[in-house]
Amino acid sequence: MNIRQKLTLALLSTAVWLPHSALACSVCFSAREETRVAFYLTTALLTGLPLLMLGSFVFWYRKRIRQFEGDGPFSEPTLDQDL
Amino acid sequence: MESAFIENKNPGASRVTPFLPNGVLAMIFFVAMEVMFFAALISAYTIVKSGALFWPPPEQPRLPVTATAINSLVLLASGWLLFKANKSFSVKGGQEAATRLLRLSIILGSVFVLFQGFEWVRLIGYGMTMTSSTYAGFFYLIVGAHGSHAVAAIFVLAIMLGKLKKNQLGQSEFWASQIFWYFVVGVWPVLYILVYLN
């Protein structure tokens, strides 16, 4: 391992300390309990919302495909008029 | 890019039917992106609010809660009229009713935006500006972002109305524009509760 690689490795290893900085950031402007709760809630919101949207879309898409294939209850397609 | 097609085995239906046009799919992706944008704004607002000792700040004017609640009903009515317009558009011979309902929906949407503008002018007159406090900054950012989306959606609906009058409106493009407007209508109650009632 040459000096350049060692230096790169040393720099990368400093990333170990980054989570500590990130943890400190959540209360850096306010150490109140409300702020901590707000952080948890908004983290849950921003994590869950994309999953919920993706899940809903996949569920709806599968249901629509099943309807078109005739497996499920048939509903008249509304989008075949102009395409 | 091709539309998504699937073989339709239902009796009476055409053999190959598009089940999700590209325009609708693109609008779904766009709205999902916008949902995340507003979720980020809501998150930032919630965290800043939780760290404040007084919210809203004592020196800032109070927001017109009741008047905006009525204005919110106007927006919801606009969404309902668009839903009814789609119902009329889907049935044979319902184009005239759809045109009338879509026009009404656009008018109500415009009333909502104009009232919001009127509200802003009054608040600025009372000294509540983008730089007067964090509270005011968030108010104009969140409500302004929604307002700009509402203006864009009204513009889209107006184009759809023009096409409908000329009998050139396709079901898929009407559906895509509806998704956009339903998003604008659907996100507003959340913003209203968050910004005006808390």
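Just so it is clear, none of the values below were taken in a lab; they were calculated from the coordinates. Quantities reported herein were computed from a predicted structural model and do not represent experimental measurements. Don't worry about glycine lacking a Cβ; one is built from the backbone with ideal geometry, like all the others, and counts go over all protein chains shown.
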Straight-line reach from A:Lys63: which lysines have Cα under 19 Å away, leaving out those fewer than 8 places along the same chain? B:Lys9
Quick calc: nm separation of the 7 Å Cα→Cβ label points for B:Arg62 and B:Ile124 -> 2.5 nm
Check each of the trypsin sites (Lys or Arg not before Pro) in region B:147-191 and keep only those in coil by DSSP with at most 10 other C-beta atoms within 10 angstrom; list them in order. B:Lys166
Apply 1/(1 + (r/R0)^6) to the Cβ-Cβ distance of A:Thr47 and B:Ala26, taking R0 = 30 Å, and write down the FRET efficiency to the nearest 0.05. 0.75
For the Cα atoms of chain B, what angle does the longest principal axis make with the long axis of helix B:95-125, in degrees from 0 to 90, nearest 10? 10 degrees
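Let me confirm one metric for peptide A:56-67, namely the mean number of other chain beta-carbon atoms within 10 Å of its residues' beta-carbons.
That average works out to 2.
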Region B:38-138: which chymotrypsin sites (Phe, Trp or Tyr not before Pro) are DSSP loop and have at most 10 other beta-carbon atoms within 10 angstrom? B:Phe54
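Mean separation of Cα pairs under 8 Å and 6+ residues apart, divided by the residue count of chain B: what relative contact order is that in percent? Don't skip to the answer; put the middle values down first.
On the way: 164 pairs, mean separation 50.4, N = 198.
Rounded, it is 25 percent for chain B.
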Calculate the spin-label point distance for A:Arg36 paired with A:Arg62, positioning each point 7 Å from the Cα along the beta-carbon direction, and give it in nanometres. 3.9 nm
